[in-house]
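Here is the structure we will look at, set down as structure tokens.
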Amino acid sequence: MQARFPAPPPAAAPPVAVSILAAGPATAFDGEPAEPSCFRDLNLDQIVAAATAPKAEYNLSPIFRAPLLDIDGVLYRQAIFRDLERPEVRATLDAFAGGMRALHANRRRIEAIRYERERQAWFLDGVLLYDAAVRGFAAAFAATELASPGLIAFRDYLAAYAGADRFTRLAGAAAGLKRELAAVSYCVYLIGGHVHVGPLTDEPDFTEEILGVFAKFKEADARDHRVKLSDAGEMNHIEAGILDLVAALHADLFGRLDAFVAANAAFIDATIAAFDREAQFYLAWLDHIAPLEAHGLAFCYPEVTQGKAIGAEGTFDLALAAKLVKDGRTVVANDFQLSGAERILVVTGPNQGGKTTFARLFGQLHYLAALGCPVPGVAARLHLPDRVFTHFERPEVAGSERSKLEDDLMRMRDILAAATADSLVILNEIFTSTTLADAVWLSREVMTRLAELDLLGVWVTFIDELAAVSPATVSMVGGVDPDDDDSRTFRLTRRPADGLAYAMALAGRHGLTYRRLRERIP
């Protein structure tokens, strides 16, 4: 009985000699971590979706869901990003990726083919595609100047792998089998309703005789009514049956083909396969930010620290910036800084003044820095958090047994229970469903707990008093055009709260702002 074509090995996390996602021996990144709870509040879900969509076949989202927890790991990735920004390095990787995409298309085709012998033919093609991709990449990479330890380590591994006897024998055997198969000849006999296959002998050629018989029916100027049939490239059952008979006729050759396929089912090296995917994480991010850089927006490699003195210059909300640039609108950049005992930025100011956007950019910066990615800004020094917590206002759910205030309190309790001194906490307009007096009291209690934890964070609020609760708090205020109180600058400045935030929010809630009054009064 003919040996069945071996199925691809089950998905696993094989050991790899070199990973460009993490230093040292590791396993291929095959995990599927859940989306972090902060993603939607910070619009990181939009950012990751936009960055990974052009490379959907690589399943990169899980890598973006796994931030690093060590500074050395961040520096390892930053160095690789810097190498890949150079056109000659990028071109080399793009060429390799193209070769591997052809291989992956070959593997998908094999999975769709029904007939074993045809699958084997495509398998041989796949081995040769792999050989060409690896050999070409090894030669080009050997001549490429690199600075990052990760890419240098992989280049060394690639050179050794491509020069090893096992790899050389693999392609040689596949090419040899293809040559032998191409030389196979046979004769098909149709006897009644049966098909027979035998060796090709000196059979008479009736071609000229048949053409002569039908020559009288030929009309030189007749219209060609022939329909060109598309060739899907897949055998039908008759062709497959004939090929099985041919295989029986050449049992030794096809037996060696069976053995080769069975012995080399997993011919793609785990480290090569991991690199093929991991490299796309870097390229996807560089491709995502390239249009923004072309628009004049700055990106930088942040200094990542476990200390609490942090800051950024000329930074912006990446999700919002992508939309604004697409619409041809201006992106407003902001700065921030915390030093000494300062830990929490308390952001106040008028509604629609960029406060929530600032909170989001603060979280985005730290999360993206923990991935090792270039981040929005001219320069940045950022803390490496163990986790990012967010508490953004959510609409009250109809039919819920919890009130909005109770939901706020329960969520805040969970954050305080899980946060550590290395965490990042971002709060946006909480306790808005209760009275001002209760909101002030609750906010003071929460702020005291946050200060005791000595963590970093941002709190967007209408309660100006929070900015002076402890030495850990710093006030930032949203700007208004001095010539038009109804026009926002979207620039936040470090200065004492002006006491107008809650009043403006209250006036807006009741339709008593200057603009709303002017609309109603003739």
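General observations
- In this structure, Ala164 qualifies as among the aliphatic types (A, V, I, L, M), farther than 30 Å from Arg381 by Cα and outside the structural domain of Leu384 (by TED's automatic domain parsing).
- Test for Asp258: is it closer than 30 Å to Ala247 by Cβ and outside the structural domain of Lys178 (by TED's automatic domain parsing): yes
Condition check ((1) in contact with a Gly (Cβ under 9 Å, 6 or more places away or on another chain); (2) more than 24 Å from Thr356 (Cβ to Cβ); (3) loosely packed, with under 14 Cβ neighbours inside 10 Å) across all residues:
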{"position": "Leu283", "(1), (2), (3)": "no, yes, no"}
{"position": "Ile289", "(1), (2), (3)": "no, no, no"}
{"position": "Leu292", "(1), (2), (3)": "no, no, no"}
{"position": "Pro302", "(1), (2), (3)": "yes, no, no"}
{"position": "Ile310", "(1), (2), (3)": "no, no, no"}
{"position": "Thr315", "(1), (2), (3)": "yes, no, no"}
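- Close contacts from region 322-342, counting a first residue that is within 16 Å of His366 (Cα to Cα) and a second that is assigned to a loop (DSSP other than H, G, I, E, B), with Cβ to Cβ under 8 Å and a gap of 6+ residues or different chains, come to Asn334/Phe316; Asn334/Gly354; Leu338/Lys308; Leu338/Ala309.
- Residues of region 11-25 that are in contact with a strand residue (DSSP E or B) (Cβ under 6 Å, 6 or more places away or on another chain) and at pLDDT below 80: Ala13, Pro15.
- The single condition among (1) closer than 22 Å to Gly296 by Cβ; (2) surrounded by 24 or more Cβ atoms within 10 Å (Cβ to Cβ); (3) not basic (Lys, Arg) that Val378 does not satisfy is (2).
- Restricted to region 332-405, the set of strands (runs of 3 or more DSSP E) holding at least 2 residues that are over 31 Å from the mean Cα position of the chain (by Cα) and either of a type in the set (Gly, Ala, Ser) or within 15 Å of Val460 (Cα to Cα) (or both) comprises 344-348.
- The number of residues in region 67-123 being over 30 Å from Asn264 (Cα atoms), surrounded by fewer than 20 Cβ atoms within 10 Å (Cβ to Cβ) and touching an Asp or Glu at 6+ places or on another chain (Cβ under 7 Å) comes to 1.
- The helices (runs of 4 or more DSSP H) falling completely within region 42-130 that include 2 or more residues that are modelled with pLDDT of 95 or more and acidic (Asp, Glu) map to 71-84, 87-112.
- Looking at Ala274, Ala312, just one residue is part of a helix (DSSP H, G or I) and in contact with a strand residue (DSSP E or B) (Cβ under 8 Å, 6 or more places away or on another chain), and that residue is Ala274.
- Test for Gly163: is it closer than 17 Å to Asp269 by Cβ, surrounded by 18 or more Cβ atoms within 10 Å (Cβ to Cβ) and not hydrophobic (A, V, I, L, M, F, W, C): no
- So Pro350, is it under 22 Å from Asp83 (Cβ atoms), in the same structural domain as Cys300 (by TED's automatic domain parsing) and in contact with a helix residue (DSSP H, G or I) (Cβ under 7 Å, 6 or more places away or on another chain): no
- Considering residues of region 463-474 that are touching a helix residue (DSSP H, G or I) at 6+ places or on another chain (Cβ under 6 Å) and over 24 Å from Ser433 (Cβ atoms) only, the residue surrounded by the fewest Cβ atoms within 10 Å (Cβ to Cβ): Ser470
- Filter result for Leu409 (surrounded by fewer than 20 Cβ atoms within 10 Å (Cβ to Cβ), in contact with a helix residue (DSSP H, G or I) (Cβ under 9 Å, 6 or more places away or on another chain), hydrophobic (A, V, I, L, M, F, W, C) and outside the structural domain of Ile71 (by TED's automatic domain parsing)): yes
- Filter pass, Thr435 being β-branched (Val, Ile, Thr), surrounded by fewer than 16 Cβ atoms within 10 Å (Cβ to Cβ) and out of contact with any Ser or Thr (no Cβ under 8 Å at 6 or more places or on another chain): yes
- Being modelled with pLDDT of 95 or more and either over 30 Å from Ile110 (Cβ atoms) or outside any helix (DSSP H, G or I) (or both) holds for only one residue in Ala290, Ala266, Ala284, and it is Ala290.
- Residues of region 403-444 classified as farther than 26 Å from Ala309 by Cα and touching a residue at least 40 places away in the same chain (Cβ under 8 Å), total: 1
- Selection of first residues in region 354-368 that are within 13 Å of Phe392 (Cβ to Cβ) and of second residues that are part of a helix (DSSP H, G or I), restricted to Cβ pairs under 7 Å at least 6 apart or on distinct chains, gives the following pairs, ordered by first then second residue: Thr357/Leu320.
The values are calculated or read from the model by the stated rules, or taken from the named source; none is laboratory data. Predicted model, so just to flag it, every value in this text is computed and none were measured. No Cβ is skipped: glycine too gets one built from the backbone with ideal geometry, and neighbour counts run over all protein chains shown.
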